[in-house]
Amino acid sequence: MSSQSESLWTTLHKSGLVQGAAPEAGELESPWYVKVLLAFSGWLAALLLLGFIGMGFQSILRNSTAALFVGAMMIAGAYAVLRLPKNEFVEHLALAASLAGQALVAFAIFRLLKVNDTMAWVWIAILQILLAIVMPNFVHRVFSSFIAAFSFFMALSFVGAAYVFTAVLMFFIAWLWLNEFKYPQHMRKIHAIGYGLVLALIQFKGTMLFSRMFMGWRYRPDQPELWVQPWMSEALAGAVMLYVVWQLLRRHGHAISDRLSILALLSTVLLCIISMEAQGITAGLMIMLLGFSAGNRVLLGLGIASLLFYISSYYYLLDATLLTKAMTLLLVGVVLLFSRWLMLRFIPANKEVQHG
């Protein structure tokens, strides 16, 4: 607090208009339109700078080791810049430089491991996980988490286990958002990684729903066929959903023998069975449930949007008749309404405390 502010607070305190110690001065944030202008300027400057570097050092792209070294230096430089006092222009400039450095590193990894695509994607995933943990920038962490999930998905695709991706990713998302309050010192980091993984789940689950046949382009003739089928993915996703429901019940002090626990778990099992036909519903409901339990409106909104997207994608797919689709969606609605009726009927609501 400046000397002028301290003098003003002292005068107000002596007059009896305020009490206690003087409040700490908060950081002044720029208006959103100023942030947008600075972000645009930073990215434009970064693109021009990277274009100049690319034209002047074309030999780097011909040498995998040099590309790896230069990319690592750019990422390290971006890390050092992002640790400086916050500046919108410099922050976006460093972010763009880091993305370019990551592109160079990925290029070098594929050149060095050209005979093993699976390991190349695994190394890229490891790099992105480290960046998501270390980089002191919210947007960078969201991006790195998304790319890490994408790389993990590609690695699983090359070994014929792409459909395991959804369930594994759902478990990591559930663990992060269920334990966010256990690590308050890392909450911002958990939120950034959690949002990146949620966006990846929505993206890749939707991609699988709309074009299951696209999986074939990743496989050479000598590679094995997919050994994990879509129904296995939904079964594993259902298990993760049951885990989430059970953890939330335990958090609120309900034993497994409680009437509420039994009704909630049975309703979850019914929804998971229906989701075997209308795939994606379990993932959308899990995101909604995590957002509602944590009071996170952004997460809740993503869950609602993803659920509407998955239901719409199921309705417009041509692998079943309209009657079958309508009956499936009708069952989903009936199960949800029936579960709500059971809980209102057999679980007494807590009476509001009367205040005088």
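Coordinate-derived values only; no laboratory data. For clarity, every value in this text was computed on a predicted model and none was experimentally measured. Cβ placement follows ideal geometry from the backbone for every residue including glycine, while neighbour counts extend to all protein chains displayed.
Across region 232-275, the mean sequence separation of Cα contacts (distance under 8 Å, 6 or more residues apart), normalised by length, yields a relative contact order of 48 percent.
Distance from the C-alpha centroid of region 93-161 to that of region 229-287: 32 Å, rounded to the whole angstrom.
The residues neighbouring Ala132, those whose beta-carbon lies less than 9 Å from its own, together hold a net charge of +2 under the Lys/Arg +1, Asp/Glu -1 convention.
The phi-based Karplus calculation (6.51 cos²θ - 1.76 cosθ + 1.60; θ = phi - 60°) puts the 3J(HN,Hα) values of region 257-265 at 8, 5, 4, 5, 4, 5, 5, 5, 5 Hz, whole numbers, x for Gly and Pro. Tell me, what is the FRET efficiency for Trp341 and Lys86 to the nearest 0.05, using R0 = 30 angstrom and their Cβ-Cβ distance as r? Taking R0 as 30 Å, the efficiency between Trp341 and Lys86 is 0.05. If a paramagnetic tag sat 7 Å from the Cα of Leu113 along the Cα-Cβ line, which residues of region 131-164 would have the backbone N under 16 Å from that point? Output list for this probe position: 131, 147-160. Our coupling estimate for region 125-131, obtained by passing each phi through the Karplus curve with A = 6.51, B = -1.76, C = 1.60 and θ = phi - 60°, is 4, 4, 4, 5, 5, 4, 5 Hz, Gly and Pro reported as x.
Along each principal axis, taking the top coordinate minus the bottom one, the Cα set of region 59-156 gives 43, 32, 15 Å in descending order. Packing, as the average of other Cβ atoms within 10 Å across residues, places the peptides 299-308, 164-173, 76-85 in the order 164-173, 299-308, 76-85, highest first. Normalised by the number of residues in region 59-156, the mean separation of alpha-carbon contacts (under 8 Å, six or more apart) gives a relative contact order of 26 percent.
Per-residue Karplus couplings for region 330-336, computed as 6.51 cos²θ - 1.76 cosθ + 1.60 with θ equal to phi - 60°, are listed in order as 4, 5, 4, x, 5, 4, 5 Hz, Gly and Pro entered as x.
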